[in-house]
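Written out below as C-alpha cells is the structure these notes cover.
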Amino acid sequence: TARRLTATGIMGAVGTLGLLLTLDTIIARFGDHGNEASSELRHVMNAASKRMLQDHHLGIGWNNFALAFNPPFPYVEELHEWVLGRGMKIQEDAASPVVESHYWLLLAETGYQGFTTYMLVILMGLWRNFRALLTFRHGFVRSLSFGIAVACTLNYVQSTLERVLVQPRNLGLWIILLGVTARIESLRREAVLQKRLSPIATSPSP
C-alpha cells in the first residue's frame with residue numbers, strides 16, 4: 001500500500017543518512033582489515049584479562065582494568081612481551097590500552113558472577129522479544145520486537161570485538177530498548193490472558 005511504501009521510504013532515507021554519517025568509520029575499518037598487529041594485540045589483551053580472572057574470580061573491581069594493566073601490576077607483562085617481540089620500544093610514560101572485548105572486560109572486572117548476570121539479562125531480553133514474535137502475528141508490536149531483537153543481537157556480536165555498550169550513548173539507547181522490551185512483555189501477557197478468558201466470556205450461561 002501507499003502507506004507502507006511511504007514508511008519504507010522514510011526508513012530507507014533515515015538509514016542512508018545514518019550510513020553517510022558513519023561512512024568514514026566504515027572505510028577506516030575496511031582499511032584496517034588484515035592488520036596483523038591489531039589482531040595480535042586483541043589476543044594479548046584477552047590473555048591479560050584471562051590472567052586477571054584466574055587471579056581474582058570475583059573480578060578486579062569495576063573500572064579497575066586500566067589501573068591493573070599498568071605497572072606495578074604484573075598483568076602488563078603480557079603487553080610488554082608482545083611489544084618487545086615486534087622489535088618496538090616500551091614507552092614507560094604511555095598508559096596501556098583497555099581490552100576491546102566487552103565480554104573479557106566484564107570477566108576481568110566483575111568476575112564470573114558479573115558476567116553470568118549480564119548474560120542472563122541479554123538472553124532474557126532476546127527471549128521476551130522472541131515470545132512476542134510468536135504471540136503478535138501481525139502489527140506494529142511484532143515488527144518492533146523483531147527490530148529490537150536484531151539490533152541487540154548485532155550489538156552483542158560486535159561486543160566481542162569492541163566495547164560498544166560501554167559508550168554512554170549506546171548504553172542509554174540499549175537501556176531504553178530493554179525498557180520497551182519489558183513493556184512488550186506486559187502487553188504479551190495481557191494478550192495471552194485475554195485469549196484464555198475469551199472462551200469463558202463467550203460461553204452461554206447455564
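Say R0 is 22 Å: what FRET efficiency, to the nearest 0.05, do residue 76 and residue 38 get from their beta-carbon distance? Please report the intermediate quantities before stating the final value.
Details: r = 19 Å, r/R0 = 0.85.
The value I calculate is 0.70.
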*asked:* Taking 8 Å as the Cα distance limit and 6 or more residues as the minimum spacing, I'd like the relative contact order of the chain as a percentage.
replied: 18 percent
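With the Cα gyration tensor of region 54-206 in hand, convert its eigenvalues to equivalent ellipsoid semi-axes via √(5λ) and list them largest first in whole Å.
On the way: eigenvalues 461, 47, 23 Å².
Output for region 54-206: semi-axes of 48, 15, 11 Å.
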*Take the chain, connect every pair of alpha-carbon atoms lying under 10 Å apart with a spring to form a Gaussian network, then pick out the residue of 20, 187, 171 with the largest mean-square fluctuation.*
20
*Compute the distance in nm between two label points, each set 7 Å from the Cα along the Cα-to-Cβ direction, one at residue 58 and one at residue 2.*
6.6 nm
*What residue among 163, 183, 42 has the largest mean-square fluctuation in a Gaussian network model of the chain, using Cα springs under 10 Å?*
183
*Select from 135, 153, 16 the residue whose mean-square fluctuation is largest in a Gaussian network model of the chain (Cα-Cα springs shorter than 10 Å).*
16
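Give me the percent of the accessible area of the chain that comes from carbon and sulfur atoms, probe 1.4 Å, all protein chains in place. It would help to have the intermediate numbers written out before the result.
Details: 9260 of 14160 Å².
C and S fraction of accessible area: 65 percent.
Taking 8 Å as the Cα distance limit and 6 or more residues as the minimum spacing, I'd like the relative contact order of region 110-183 as a percentage.
Values: 33 pairs, mean separation 22.4, N = 74.
Once normalised by length, the contact order is 30 percent.
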_Tell me the angle of helix 168-202 to the major Cα principal axis of the chain, expressed in degrees between 0 and 90 and rounded to the nearest ten._
30 degrees
*Heavy-atom accessible area per residue - the chain, 1.4 Å, Å²*: 69 Å²
*By how many degrees, between 0 and 90 and to the nearest 10, does the Cα long axis of helix 140-158 differ from the longest principal axis of the chain?*
10 degrees
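Using alpha carbon coordinates only, what is the Rg to Rh ratio of region 143-192, with Rh defined as the Kirkwood radius? Before the final figure, lay out the partial values.
Working: Rg = 12.5 Å, Rh = 11.8 Å.
Across region 143-192, the Cα-based Rg/Rh ratio is 1.06.
The values are calculated or read from the model by the stated rules, or taken from the named source; none is laboratory data. All figures in this text were calculated on a predicted structure; none of them were measured in a lab. Every residue, glycine among them, receives a Cβ derived from its backbone with ideal geometry; neighbour counts consider all protein chains shown. Quick note on the areas: whole protein, heavy atoms, side chains included, nothing else; ligands and nucleic acids left out. Shrake-Rupley method; radii C 1.70, N 1.55, O 1.52, S 1.80 Å.
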